[in-house]
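S.K.: Have a look at the structure that comes next, please.
The values are calculated or read from the model by the stated rules, or taken from the named source; none is laboratory data. Nothing here was measured: the structure is a model prediction, and the numbers come from that model. In this analysis, Cβ positions are derived from the backbone assuming ideal geometry, glycine residues included, and neighbour counts consider all displayed protein chains. Keep in mind that these areas ignore ligands, DNA and RNA; they rest on the heavy atoms of the full protein, side chains included. Shrake-Rupley method; radii C 1.70, N 1.55, O 1.52, S 1.80 Å.
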Amino acid sequence: MKTTDNFKNSIQNHLNQLAEKDPLFAETLKKENKNIDGCITYILQTVQKSGCNGFEDSEIFGMAVHYYDEDSINVKGNINSNTKVVVNHVVELSEEEKAAARQKAIDDVIAQEKEKMTKKREVKNPVETSKAKPSLFDML
């Protein structure tokens with residue numbers, strides 16, 4: 001399963017903030033045999049094994065720290081493809097990202113409306129409609 005970038009970034013940001021405050025954890029975070037993808041896989045596998053559907057942020061962040069602290073954790077296997085991750089953090093967009101999203105929405109609406117107008121024109125073409133329907137006056 002591929003997680004969202006938002007989930008991955010939330011975990012990575014938390015770990016980086018811990019590393020800024022704690023020099024010992026900063027060294028732990030640099031372990032060559034550990035990486036954020038392995039950390040995410042470990043978290044998702046641990047959540048799946050638990051059978052629970054919801055966790056507090058502190059529990060998930062604790063799993064991430066545990067993954068980096070313990071050298072014996074070796075992540076193997078895949079995540080169930082039906083796994084869904086929900087991140088309850090608000091994503092802050094820059095002004096440029098907001099403007100780009102707004103423009104994309106406008107472009108999408110314009111494209112949809114053009115497509116609707118084109119379809120209506122094709123259906124209401126009077127020449128094709130009159131040829132397709134026989135009339136009593138055509139028989140005279």
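Every residue, every condition in (1) at pLDDT 80 or above; (2) among the hydrophobic types (A, V, I, L, M, F, W, C); (3) in a helix (DSSP H, G or I); (4) loosely packed, with under 10 Cβ neighbours inside 10 Å, yes or no:
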| position | (1), (2), (3), (4) |
| --- | --- |
| LYS76 | yes, no, no, yes |
| SER81 | no, no, no, yes |
| VAL86 | no, yes, no, yes |
| GLU92 | no, no, no, yes |
| GLU97 | yes, no, yes, no |
| ALA100 | yes, yes, yes, no |
| GLN103 | yes, no, yes, no |
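S.K.: Just to be sure before I move on: is ILE36 among the β-branched types (Val, Ile, Thr), under 25 Å from GLU92 (Cα atoms) and surrounded by fewer than 18 Cβ atoms within 10 Å (Cβ to Cβ) in the structure I sent? Spell out the reasoning first.
M.R.: Working: among the β-branched types (Val, Ile, Thr): yes; under 25 Å from GLU92 (Cα atoms): yes; surrounded by fewer than 18 Cβ atoms within 10 Å (Cβ to Cβ): yes.
Here the answer is yes, as ILE36 does meet what is asked.
S.K.: Consider region 1-45. How many of its residues are within 16 Å of ILE60 (Cβ to Cβ), among the hydroxyl-bearing types (Ser, Thr, Tyr) and touching a residue at least 40 places away in the same chain (Cβ under 8 Å)?
M.R.: 3
S.K.: Just give me the residues in region 1-51 being among the aromatic types (Phe, Trp, Tyr) and part of a loop (DSSP other than H, G, I, E, B), in sequence order. Reasoning before the result, please.
M.R.: Filtering region 1-51 down to residues among the aromatic types (Phe, Trp, Tyr) leaves 7, 25, 42.
Within region 1-51, no residue meets the criteria.
S.K.: Let me ask something additional. For region 9-30, name all the residues that are modelled with pLDDT under 90 and either open to solvent by less than 60 Å² (accessible area, probe 1.4 Å) or in contact with a Cys (Cβ under 9 Å, 6 or more places away or on another chain) (or both).
M.R.: To start, the set of residues in region 9-30 that are modelled with pLDDT under 90 comprises 9-10.
Within region 9-30, SER10 is the sole residue that qualifies.
S.K.: Filter region 46-66 down to the residues that are under 13 Å from GLY77 (Cα atoms) and either in contact with a Cys (Cβ under 9 Å, 6 or more places away or on another chain) or touching a residue at least 24 places away in the same chain (Cβ under 8 Å) (or both) and list them by number.
M.R.: The answer is GLN48, and nothing else.
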